[in-house]
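A.B. asks: Structure provided below as structure tokens; questions to follow.
The values are calculated or read from the model by the stated rules, or taken from the named source; none is laboratory data. Since the structure is predicted, the reported quantities are computational estimates derived from the model, not experimental observations. Here the Cβ positions follow ideal geometry from the backbone for every residue, glycine too, while neighbour counts run over all protein chains shown.
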Amino acid sequence: MVSTFHGLELGRRGLAVGQASLTTTGQNIANVNTKGYSRQQVNSSASPSLDVWTGQGAHTGQLGTGVTIDSITRVRDSFLDQQVRDHSETLGQWQAKQTTLDRLETIINEPSTSGLNSAMDGLKSAWQDLANEPDSSAAQAIVKERAQGVVEVAQSMNKSMDSLKNELTEQTQQTVDKANGYLKQIAQLNKSIVNDGNQANDLKDKRDVLVEELSTLMSIKVDEKSNGSYSISLASNNQSLVNGEVVSEIDVQTETDGNKLYGGKLAGLSESIDIATNYQSSLNKVVKDFAQANGMSAMGGKDQSLFIGDAENFNVSELKVNYEASALKKPVATAETSEAAQRDFRKLVSQLGAQSQAATNSVTNHGAALQATENRRQSVTGVSLDEEMANLIKYQHSYNAAARLVTMTDQMLDTIINRMAAR
């Protein structure tokens, strides 16, 4: 026998689902511009039915009891999430390299009227003037001043490259600290999500934002456990970083290629230090060859060498002009060997330009790939105001219909309870 109040229970459940659907839709609309917010939806199903006797002998029928809320879940696509993380990692790596190459282009500053190549050309011109007037003290002084210009430009570039490498080292430490901070926050959110019963949608959104920020710093793999917590490991060697509430912090790797196993921005910074070191070595060799071509002695003094420097352990920062030389003479092989050094410098500049352009193109391409993937993900997980407004109307009609069912059942019960007794 069906309860007299069965219709009221049907309506009550319909009202509950309709109200939850309207509230969830309102939550979506309110967070349309919230970073990392995932669209939520109410998942409902028919509630367990009742067995009732029918006119089919001993067999029973089943009478519906309405609807029940199964869960309120986020709309996410784990495959697209991993693609976004992969693109973010690659983009972070190339952005770090592009920034370094841009800095190196600024330091080398070629082509320019105040760069190293121009300074070397100026010294070449001063030698020609001295060859025309070998006994001219003014021509001698000009050669020394032009040589001092070469030294100052070269040492300024070398000092800037030292500063760049120091900045990259500091930035690496800061990035490691930042990554460890993300790992701790993710572990804490894992704990809160497990405690809240695996349906803490807002906490999961916050965690995913942190995971994506972490993916720009390093290459990671993310696995979601049955209890809702994340297990995060390095993509390169499967080293565990977060396992539930347990965090394994990372350190700056000092050995060769150590930080490159992390991937992401950390790998880009490690490669950037190598790039800056290589260009500094190339610059050191160019300046050494040019100084030797124009005459370099370790002692200086009254001899005829223009530069003072140690050929075996050459260091740009220690190069000096031999101002005590009283009778400078142009070395026999100056023209040929100086031009060779300048060709090497022009080759260095061309290589840097090509490398910088390649990095810029890579950043553009990977940025476009990331944006395209993010657009696809937003089509799944993002909030569409048009869709949510349509849902508002749909759920409002559903709520109104459930309310009408309650009203109608109330009227029926009023007839049975109050009016039938009066007759």
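A.B. asks: Quick one: which residue in Ser272, Ser236, Ser305 is in contact with a Ser or Thr (Cβ under 9 Å, 6 or more places away or on another chain), within 29 Å of Asp102 (Cα to Cα), outside any helix (DSSP H, G or I) and hydroxyl-bearing (Ser, Thr, Tyr)?
C.D. replies: On the way: Ser272 fails: outside any helix (DSSP H, G or I); Ser305 fails: within 29 Å of Asp102 (Cα to Cα).
Just a single option satisfies the conditions, and that option is Ser236.
A.B. asks: A further question follows. Among the numbered conditions (1) touching a residue at least 12 places away in the same chain (Cβ under 8 Å); (2) in contact with an Asp or Glu (Cβ under 9 Å, 6 or more places away or on another chain); (3) part of a helix (DSSP H, G or I); (4) more than 20 Å from Tyr323 (Cβ to Cβ), tell me where Val143 comes up short.
C.D. replies: So the condition that Val143 fails would be (4).
A.B. asks: Quick test for you: out of Asn227, Asn166, pick the one residue that is assigned to a loop (DSSP other than H, G, I, E, B) and free of Cβ contacts under 8 Å to residues at least 60 places away in the same chain.
C.D. replies: Values: Asn166 fails: assigned to a loop (DSSP other than H, G, I, E, B).
Checking each option against the conditions leaves just Asn227.
A.B. asks: Right, Leu370: loosely packed, with under 12 Cβ neighbours inside 10 Å and out of contact with any strand residue (DSSP E or B) (no Cβ under 6 Å at 6 or more places or on another chain) or not? Steps first, answer last, please.
C.D. replies: On the way: loosely packed, with under 12 Cβ neighbours inside 10 Å: no; out of contact with any strand residue (DSSP E or B) (no Cβ under 6 Å at 6 or more places or on another chain): yes.
No: the conditions fail for Leu370.
A.B. asks: Please indicate, with yes or no, whether at least one residue in the range 66-80 is closer than 30 Å to Val176 by Cα and of a type in the set (D, E, K, R).
C.D. replies: Initial filter on the range 66-80 (closer than 30 Å to Val176 by Cα): 76-80.
Filter again for of a type in the set (D, E, K, R), leaving 76-77.
Yes, there is a match, as at least one residue in the range 66-80 is closer than 30 Å to Val176 by Cα and of a type in the set (D, E, K, R).
A.B. asks: Take the range 312-332 and flag every residue that is in a loop (DSSP other than H, G, I, E, B) and within 44 Å of the chain's Cα centre (by Cα). Working first, answer last.
C.D. replies: Start the filter on the range 312-332 by keeping residues that are in a loop (DSSP other than H, G, I, E, B), which leaves 312-315, 319, 322-332.
Of everything in the range 312-332, those that are in a loop (DSSP other than H, G, I, E, B) and within 44 Å of the chain's Cα centre (by Cα) turn out to be Glu312, Asn313, Phe314, Asn315, Leu319.
A.B. asks: Okay, next question. Restricting the search to the range 244-284, which residues are touching a Phe, Trp or Tyr at 6+ places or on another chain (Cβ under 9 Å) and surrounded by 15 or more Cβ atoms within 10 Å (Cβ to Cβ)?
C.D. replies: Looking only at the range 244-284, we keep the residues that are touching a Phe, Trp or Tyr at 6+ places or on another chain (Cβ under 9 Å), and these are 244, 250, 253, 268, 270, 282-284.
Passing the criteria: Ile250, Gln253, Gly268, Ser270, Ser282, Leu283, Asn284.
A.B. asks: Scan the range 393-423 residue by residue and report those that are among the charged types (D, E, K, R) and modelled with pLDDT under 85.
C.D. replies: Let us first name the residues in the range 393-423 that are among the charged types (D, E, K, R), namely 394, 404, 410, 414, 419, 423.
Answer for the range 393-423, where residues must be among the charged types (D, E, K, R) and modelled with pLDDT under 85: Asp410, Asp414, Arg419, Arg423.
A.B. asks: I've got another one for you. Take the conditions out of contact with any helix residue (DSSP H, G or I) (no Cβ under 6 Å at 6 or more places or on another chain) and buried (at least 21 other Cβ atoms within 10 Å of the Cβ) and apply them to Ile232. Does it pass? Working first, answer last.
C.D. replies: Numbers: out of contact with any helix residue (DSSP H, G or I) (no Cβ under 6 Å at 6 or more places or on another chain): yes; buried (at least 21 other Cβ atoms within 10 Å of the Cβ): yes.
For Ile232, the condition - out of contact with any helix residue (DSSP H, G or I) (no Cβ under 6 Å at 6 or more places or on another chain) and buried (at least 21 other Cβ atoms within 10 Å of the Cβ) - is met.
A.B. asks: Of the residues that make up the range 333-345, is at least one part of a helix (DSSP H, G or I), aliphatic (A, V, I, L, M) and under 34 Å from the mean Cα position of the chain (by Cα)?
C.D. replies: Step one: filter the range 333-345 for residues part of a helix (DSSP H, G or I), giving 334-345.
Those left that are additionally aliphatic (A, V, I, L, M): 335, 340-341.
Next, from what is left, pick out any that are under 34 Å from the mean Cα position of the chain (by Cα): none.
No, that holds for no residue.
A.B. asks: How many of the residues in the range 16-33 are β-branched (Val, Ile, Thr) and without any contact (Cβ under 8 Å) to a residue 40 or more places away in the chain? Break it down stepwise before answering.
C.D. replies: Of all residues in the range 16-33, those β-branched (Val, Ile, Thr) come to 17, 23-25, 29, 32.
Subset that is without any contact (Cβ under 8 Å) to a residue 40 or more places away in the chain: 23.
Within the range 16-33, residues that are β-branched (Val, Ile, Thr) and without any contact (Cβ under 8 Å) to a residue 40 or more places away in the chain number 1.
A.B. asks: Return the residue satisfying two criteria in turn: it lies in the range 358-375 and is of a type in the set (A, V, I, L, M) and touching a residue at least 12 places away in the same chain (Cβ under 8 Å), and of such residues it is nearest to Thr100 (Cα to Cα).
C.D. replies: The qualifying residue nearest to Thr100 (Cα to Cα) is Ala359.
A.B. asks: Let me ask something else. Within the range 64-80, is even one residue touching a Lys or Arg at 6+ places or on another chain (Cβ under 6 Å), within 30 Å of Leu385 (Cα to Cα) and either outside any loop (DSSP other than H, G, I, E, B) or of a type in the set (S, T, N, Q) (or both)? If you could, list the steps in order and put the result at the bottom.
C.D. replies: Of the range 64-80, the ones touching a Lys or Arg at 6+ places or on another chain (Cβ under 6 Å) are 66-67, 75, 80.
Now drop any that are not within 30 Å of Leu385 (Cα to Cα), which leaves 66-67, 75, 80.
Then drop every residue that is not either outside any loop (DSSP other than H, G, I, E, B) or of a type in the set (S, T, N, Q) (or both), which leaves 67, 80.
Scanning the range 64-80 turns up at least one residue that is touching a Lys or Arg at 6+ places or on another chain (Cβ under 6 Å), within 30 Å of Leu385 (Cα to Cα) and either outside any loop (DSSP other than H, G, I, E, B) or of a type in the set (S, T, N, Q) (or both).
For (1) at pLDDT below 90; (2) under 51 Å from the mean Cα position of the chain (by Cα); (3) surrounded by fewer than 17 Cβ atoms within 10 Å (Cβ to Cβ); (4) assigned to a helix (DSSP H, G or I), each residue gets a yes or a no:
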| residue | (1), (2), (3), (4) |
| --- | --- |
| Val17 | no, yes, no, yes |
| Ala20 | no, yes, yes, yes |
| Thr24 | no, yes, no, yes |
| Ile29 | no, yes, yes, yes |
| Val32 | no, yes, yes, no |
| Ser38 | no, yes, no, no |
| Asp51 | yes, no, yes, no |
| Gln62 | yes, no, yes, no |
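A.B. asks: Another one. Test of understanding: among Leu328, Leu319, which residue is over 26 Å from Thr99 (Cα atoms) and modelled with pLDDT of 90 or more?
C.D. replies: Details: Leu328 fails: modelled with pLDDT of 90 or more.
After ruling out the rest, the residue left standing is Leu319.
A.B. asks: Now, a different point. Counting only residues that are out of contact with any strand residue (DSSP E or B) (no Cβ under 8 Å at 6 or more places or on another chain) and among the small types (Gly, Ala, Ser), which one in the range 75-113 is nearest to Val150 (Cα to Cα)?
C.D. replies: Applying the filter and picking the extreme gives Ser112.
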